[in-house]
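The values are calculated or read from the model by the stated rules, or taken from the named source; none is laboratory data. A quick note: this is a predicted structure, and the numbers were derived from the prediction, not measured. Here the Cβ is made from the backbone with ideal geometry for all residues, glycine too, and neighbour counts use every protein chain on show.
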Amino acid sequence: MAQYYLEQDTIAAISTAVSESGIGIIRISGPKAIAAADLLYRSPGGKNHLSDAATHTIHYGYIQDSKGNVIDEVLVSVMRAPRTYTAEDTVEINCHGSVIAMKKILDTVLHCREIPVRAAEPGEFTKRAFLNGRIDLSRAEAVMDLIGAKNEYALHNSVSQIRGSLYQKIQKLRSEILYEIAHIEASLDDPEHLDFTPHLPEFESELGKWQKEISHLIRTAEDGRLAVEGIKTVIVGKPNAGKSSLLNLLVGEDRAIVTEIAGTTRDLLTETIHLQGITLLVTDTAGIRETEDRVEQIGVERAENSLKEADLLLWIVDASVPLDQNDIRIASILKGRRFVILLNKTDLKEVTGEEDVLKLLDPQADQIIIPFSAREGTGYEELTKTLTDLFFHGKLIFNDEVVITNARHKALLEQTLESLMRVQDSLHQGMSEDFFSIDLMSAYELIGAIIGEEVGEDLVDEIFSRFCMGK
Ligand SMILES: Nc1nc2c(ncn2[C@@H]2O[C@H](COP(=O)(O)OP(=O)(O)OP(=O)(O)O)[C@@H](O)[C@H]2O)c(=O)[nH]1
Ligand SMILES: [Mg+2]
């Protein structure tokens, strides 16, 4: 673990949301945490003191201000170092969740003259856990992801990283790389007794194995991003096809205006939808057609622009009317993209069938078409299943694979892979060991930065400042 200055001061913050709630928690951490809390705490009989309390015990009583007025009735947890969240002495005051009471208690802790306690910065408790060596950086970052988790998948993934899944994987790779570095260095130091050459084939196979593992981790990042941030899904189709009706069906509420007038939707409307543990960011767009209406033209432009950034397109085709020029134009825009066709309004008499739509597409394409009715909800289940299969190959959700969800981790893995590729190049060019030992060392350092080895203080500050208050 890289060495950082150890914090000596005691810090405090409100750790729960600062809004009316069942309970509120004021957390104090640092060498003087227990003494500071003791000054404000009064047990029911007035005789018990927190300073005498055994570790990991809870105490009923009152918190009073400097003049001895009771602020609130509380339960105080006393946890002594090192088995605490921050690895320091920690006190948590559980009060009734009144915003005024929480603020007043915090204020009293911070303004106590005898014992200086300062307000914690955002993420500072978790930063201390990291600096005190209780958790590595990947776990600390997973704590932040857990707080911000927007779906079950994201939650599951961050819990797994908090439990050290990524850490273990990285540590294993590091120790294997370090072993080879040591081997090379030893042979450089003592060439008479230790020759690396006979070991080269084995080294090369190790190198290939690391590259494979790291490439695999990098590939999981795409699934990870989609799972955690949501799949950017754009609904396209000609006017009146039922795009806004589909959005409303997915959201389960009347968000978008639906009328029988073609050209109803003008602006983009994006809604977040949770389906079986995954998140979709679904955008409804204006129907694509040639139009003289200036406002509608802008809507069509916006629709076409939003398509460009989408992870997935849902093309709504109106089965109750014949295909026309607009459908042909849409089919050409969608060429080469990942899309699913919904043949909508199948509750009406079918004028356009699946074969008609397929004729507009590349005959090689293995296109998914789902008969649908936004009015009656037909095809909804098939759509859900198609989406989860498309993005998660039916396996990503809730298996134990380590998935990269953090952009910093992904970038470091990419750089590590580049260094390893340079090692391989040197190897193929028959360079001497000292050449590739430099790149091997940089791979070792880069991958170590994921778990917080070899990272500078600035980066540590920057990462933890993104946490919320009280964490
Ligand atoms: N019978 C039937 N009517 C539908 C279905 N889906 C939509 N409609 C009707 O078709 C009309 C157009 O629906 P919208 O959802 O506004 O269509 P849109 O694609 O958003 O249209 P624009 O915003 O104009 O591009 C409305 O009258 C809907 O009630 C369906 O599955 N079956
Ligand atoms: Mg619409």
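The table below lists the values:
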| quantity | calculated |
| --- | --- |
| Residue 360 in the same structural domain as residue 313 (by TED's automatic domain parsing), within 15 Å of ligand 1 (Cβ to nearest atom) and not hydroxyl-bearing (Ser, Thr, Tyr) | no |
| Considering residues of segment 183-211 that are loosely packed, with under 14 Cβ neighbours inside 10 Å and of a type in the set (Ser, Thr, Tyr) only, the residue modelled with the highest pLDDT | 205 |
| Pair list, Cβ < 8 Å and 6+ apart or interchain, from segment 409-426 residues that are among the charged types (D, E, K, R) to residues that are buried (at least 21 other Cβ atoms within 10 Å of the Cβ) | 410/404; 422/436 |
| Counted residues, segment 265-291 - those being surrounded by fewer than 17 Cβ atoms within 10 Å (Cβ to Cβ) and within 8 Å of ligand 1 (Cβ to nearest atom) | 0 |
| Hits in segment 75-97 (condition: touching a strand residue (DSSP E or B) at 6+ places or on another chain (Cβ under 7 Å), farther than 18 Å from residue 111 by Cβ and of a type outside the set (D, E, K, R)) | 75, 76, 77, 78, 79, 84, 86, 90, 94, 96, 97 |
| Segment 362-380: number of residues that are in a strand (DSSP E or B) and within 25 Å of residue 336 (Cα to Cα) | 3 |
| Hey, residue 328 of a type outside the set (S, T, N, Q) and either buried (at least 21 other Cβ atoms within 10 Å of the Cβ) or more than 18 Å from residue 235 (Cβ to Cβ) (or both) or not | yes |
| The lone exception for residue 57 - which of (1) surrounded by 13 or more Cβ atoms within 10 Å (Cβ to Cβ); (2) touching a Ser or Thr at 6+ places or on another chain (Cβ under 9 Å) it fails | (1) |
| Checking residue 300 against (1) in contact with a helix residue (DSSP H, G or I) (Cβ under 8 Å, 6 or more places away or on another chain); (2) more than 14 Å from residue 357 (Cβ to Cβ); (3) within 14 Å of ligand 1 (Cβ to nearest atom), the condition it does not meet | (1) |
| Pairs, first under 27 Å from residue 332 (Cα atoms) and more than 9 Å from ligand 1 (Cβ to nearest atom) in segment 236-257, second modelled with pLDDT of 95 or more and polar (S, T, N, Q), C-beta under 7 Å, six or more apart | 236/285 |
| Segment 304-329, residues that are within 15 Å of ligand 2 (Cβ to nearest atom), closer than 19 Å to residue 256 by Cβ and over 28 Å from the mean Cα position of the chain (by Cα) | 315, 316, 317, 318 |
| Any hit, segment 212-219, residues being modelled with pLDDT under 85 and either of a type in the set (D, E, K, R) or assigned to a helix (DSSP H, G or I) (or both) | no |
| Failed item in (1) assigned to a strand (DSSP E or B); (2) more than 16 Å from residue 372 (Cβ to Cβ); (3) within 10 Å of ligand 2 (Cβ to nearest atom), with residue 235 passing the rest | (2) |
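Results for (1) touching a Pro at 6+ places or on another chain (Cβ under 7 Å); (2) among the hydroxyl-bearing types (Ser, Thr, Tyr); (3) at pLDDT 90 or above; (4) under 24 Å from residue 225 (Cα atoms), shown as yes or no for each residue.
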{"site": "350", "(1), (2), (3), (4)": "no, no, yes, no"}
{"site": "363", "(1), (2), (3), (4)": "no, no, no, no"}
{"site": "404", "(1), (2), (3), (4)": "no, no, no, yes"}
{"site": "432", "(1), (2), (3), (4)": "no, yes, no, no"}
{"site": "439", "(1), (2), (3), (4)": "no, no, yes, no"}
{"site": "453", "(1), (2), (3), (4)": "no, no, no, no"}
